[in-house]
Amino acid sequence: MTRFYIAALAALVATPALADMTVSIPFAAEIGGKPFSCAETFAGLGSTATEVQAVDYRLFVSEAALMKADGSLQPITLEQDGQWQLDGLALLDFEDASGACANGTAGVNTTLRGTVPDGDYTGLAFTIGVPFAQNHVDPTVSAAPLNTTAMFWNWQGGYKFVRIDLVPTAMMGMTEEAGAAAGGGHGKAKGWFLHLGSTMCDAASKTEAPTACANENRMAIRLDGFDPAANTVVIDPAPVLAEADLMVNAPETSPGCMSFPKDADCMTVMGKLGLPYMDMPASTQALVSTR
């Protein structure tokens, strides 16, 4: 009798709660309302209506939760798949290493997958960014997806929360001299990159994890009325870059906006990510929407 009771109790503990329901949150990558593809070009971007090709398109999301009618949040317990989702963090990867995305990876991931208690929910919330405790680790010994070195800056800055790399088609094949004349920055026609991450992180040395960052730069997203069964989260950088000249790069700065202070190319961009920048206040974020 005792053995039967212990075995039954163990089976009950090992079995997921019957009240839990599976949730799958679809994400779509677009540029100017056009579905992202490594093989496509995208016209009309920025203040000078530049045509670009995208060569990378990835972002980290965390703290995903469904909203209840009373406004409280029910965290989504993410599936631990050993590749894209780890603890409460997920890497969304829209590039497939084809075409212009030769420096990427073949695998793609466009959904968040997990469970929540069965119930009625009225929306979705999540953070674009890596939580501080996971952000400043060694990617060479970390579990996936934190072993994605293409999304890592350095010990102090941690990971790139968003990496959307664009190359104006007019810059493709340019020499360094021509790139400099066109405003490519550093004398090279590298393109215009949107990299979001933490900056001004205080650490004892460049190879030690920081204790804090002055600019955390994590985007808190709240989507009222979102239904995972009927809606899709859309990521589109075009509204964020609406006032940026993608053919010009501020002298002595990295190509595009990489979140670092005192970069003129970030002045019209960071606010549209819902984040303050220098003495510029945050405005409504324009990167994420639903359909």
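Quick notes on this structure:
- For the range 116-131, a tally of residues being under 18 Å from Ser62 (Cβ atoms) and either touching a Lys or Arg at 6+ places or on another chain (Cβ under 9 Å) or surrounded by fewer than 16 Cβ atoms within 10 Å (Cβ to Cβ) (or both) returns 9.
- Qualifying positions in the range 210-226 - open to solvent by 40 Å² or more (accessible area, probe 1.4 Å) and either on the phi > 0 side of the Ramachandran plot or within 21 Å of the chain's Cα centre (by Cα) (or both): Ala212, Ala214, Asn215, Glu216, Arg218, Ala220, Arg222, Asp224, Gly225
- The range 79-110: number of residues that are under 18 Å from Ala220 (Cα atoms) and either among the hydroxyl-bearing types (Ser, Thr, Tyr) or in contact with a Lys or Arg (Cβ under 9 Å, 6 or more places away or on another chain) (or both): 3
- Number of residues in the range 21-37 that are in a strand (DSSP E or B), of a type in the set (Gly, Ala, Ser) and loosely packed, with under 13 Cβ neighbours inside 10 Å: the value is 1.
- Taking the listed residues Leu89, Leu73, the one that is under 24 Å from Thr127 (Cα atoms), crowded, with 22+ Cβ neighbours inside 10 Å and hydrophobic (A, V, I, L, M, F, W, C) is Leu89, with no other qualifying.
- Checked against (1) more than 25 Å from Gly225 (Cβ to Cβ); (2) within 17 Å of the chain's Cα centre (by Cα); (3) aromatic (Phe, Trp, Tyr), Phe27 passes all but condition (1).
- Only residues that are among the hydroxyl-bearing types (Ser, Thr, Tyr), modelled with pLDDT of 90 or more and over 24 Å from Ala102 (Cα atoms) were counted across the range 157-210, and they come to 2.
- Lone unmet requirement of (1) at pLDDT 95 or above; (2) touching an Asp or Glu at 6+ places or on another chain (Cβ under 8 Å) for Phe226: (2)
The values are calculated or read from the model by the stated rules, or taken from the named source; none is laboratory data. Bear in mind the structure is a predicted one, so any value in this text is a computation, not a measurement. Note that we place each Cβ from the backbone using ideal geometry, even for glycine, and neighbour counts take in every protein chain shown. In case anyone asks, the SASA skips ligands and DNA or RNA and just uses the protein heavy atoms, side chains included. Shrake-Rupley method; radii C 1.70, N 1.55, O 1.52, S 1.80 Å.
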